[in-house]
Structure formats: structure tokens, C-alpha cells
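Below: the structure, in C-alpha cells.
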Amino acid sequence: MAKLEQPIDAAQPLPVIQVVGLSKCFGSHPVLTDINLAIMPSETVCLLGPSGSGKSTLLRCMNWLERPSSGEVWLHGTQMGYQAGRKRLASEAELAKMRTRIGMVFQQFNLWSHLTVLQNVIEAPIHVQKRPKAEVVAEAEHLLAKVGLHNKLQAYPSQLSGGQKQRVAIARALAMKSDVILLDEPTSSLDPELVGEVLAVIQDLAQAGMTLVIATHEMKFAEEVASRVIFLDQGRIVESSDPKTFFAQPETARARQFLERYIHVGAI
């Protein structure tokens, strides 16, 4: 078995997500190579790196939207993609049930255009998790108020700005009561003036102790909100450190080059 990123101390909490020796190829092209990563409870982990470094693919492998070519993903001690206690692949229905514990917020929102804001948020908890409708509606209204959209319950996605759509997507992920939320470049499709409203919601979640893994190009946001920064390049983890260390004194020449280019800090 591949060596873990860090030894796990039996006295410490278990990881929410543990990635062991994960690699992913598309055809003959390697996108991720030997990724070892443990996401601990209440961490906010920001995945940084140039476009094409594998950030989005890593998130999609974590919840098995992409099947890893090799390696393992564990969610609270349960192996993703496989039937419990077996090496047999999970069915699509079993996979869907596993994914309810891992919220996902996409770049392109992925809202159902024919459903209202409220219906978008309550759909999966009612029909996938089989929870009582009254309970789910009450929780959805509370979540939408939390992200500043209580006055948009009956609006349709076409009536919302990009920032509002992304806040609905975040509320929808929260409604599933997931163990962790994965956010894939959550502001990349937004106009610049709308970025701040989405980042503020994410920052509130981080401060509330939600476990988050965020692929982002927003360097200042990562510096302020992350408890840990993972820097990827060419499908490999190059550095893993606290944001203060990474942004002030990165260990590798590649990370220094990245920071100089993307946030114009000059030579470090």
C-alpha cells in the first residue's frame, strides 16, 4: 500500500476523507499520480495549482464521479466505490447513496432549470434520502436564509444572477447534511463583482467548522480561509503546508514560480 501523506495518530480523530496511492489516467495521459492525502474534520483544504494540474479531477475522484485508475478513497473508514467489506464494485444505486455523504459544488452550478430555488434544494433530501418533506422544507428555508436567498424561494434559476445560482448550489449541498463539501472552482464562472458574495458564504462555512475541500484560483481567499494548502503540479502533490508558510516561504521553486505569476509577489 502507498505511504500515507502523514502517519495517523490513533489518539487523533480519523480523517473524513483519506486518499491512498490514487492515480488517474485518461487513455494514456496521466492526470493524477500517486496522490496521498488525509482530510481531517473541520479542515478547510484549498487545492492550488495551474490549470491542468489535476485539482478538479482529484475532487471528482474523491466522490467517484471519476473512477480512479488505481488507489483508494476512504470516507470515514468506508471505501468509496466498493460494496461494504468486499472488493466488488458498488452498483450505481450504492454509489449514489455513498455520494450523499459528500456534497459537491460545481463550476457551472448544475441547478435544475425547471425547478424553483426551494425545489432545487429539497429534491435530493426528499427523494434520495427519503426524509420527511416538512422537515426538509423547513431546513431548506433556513439554509437559503443563511446564504441570503430567503426572498428567492420561488424564483427559477433563469431569474438569478450567477452568484445567486452558486449560493443555491451551496445550500443544496448543505441540505444533504454531508460529512464534507467539495467545491470545484466555485467562482470561476462568475463575473468579478459577484465573486465576493460567494466567497463570503464559503468563509462562513469554514468558520462554522464545516469540512471543506476547495479547488480555487482565488489566492487571497485561500490565504485567508484555508487551514491547509495543497499545491499540485502536473498531477502530483508538490507541497502541503499551512497557508502562512506557503504564501510567505514556499519550499519549492515550482511553488515560488506559481505565486510570482498568479499573485505578482515578486521573488520570495
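Note on TRP74 and GLN257: their simple-model spin labels are 3.5 nm apart, each label 7 Å out from Cα toward Cβ.
Which shape class, rounded, prolate or oblate, goes with the chain when its Cα gyration tensor gives a ≥ b ≥ c as root eigenvalues, a/c under 1.5 marks rounded, and past that a/b bigger than b/c marks prolate? Oblate, since a/c reaches 1.5 and b/c is not below a/b. Using just its DSSP H runs of length 4 or more, each adding -39500 (n - 2.57), the chain gives a mean residue ellipticity at 222 nm of -10500 deg cm²/dmol after division by all residues.
Give the average over all directions of the projected area of the C-alpha convex hull of the range 48-179, one decimal, in nm².
Details: hull surface 38.1 nm².
Hull-based average projected area comes out at 9.5 nm².
Of the chymotrypsin sites (Phe, Trp or Tyr not before Pro) found in the range 37-112, the ones in coil according to DSSP and having at most 12 other Cβ atoms within 10 Å of their Cβ are TRP112.
Using a Förster distance of 45 angstrom, determine the FRET efficiency expected from the C-beta separation of GLN207 and ARG86, and round it to 0.05. It comes to 0.70.
Rg and Dmax over the alpha-carbon atoms of the range 158-268 stand at 15.1, 46 Å.
The numbers here are math on the coordinates, done by the rules we state, and not lab data. All of these numbers come straight from a predicted model, not from anything done at the bench. Note that each Cβ is placed from the backbone with ideal geometry, even for glycine, and that neighbours are counted across all protein chains shown.
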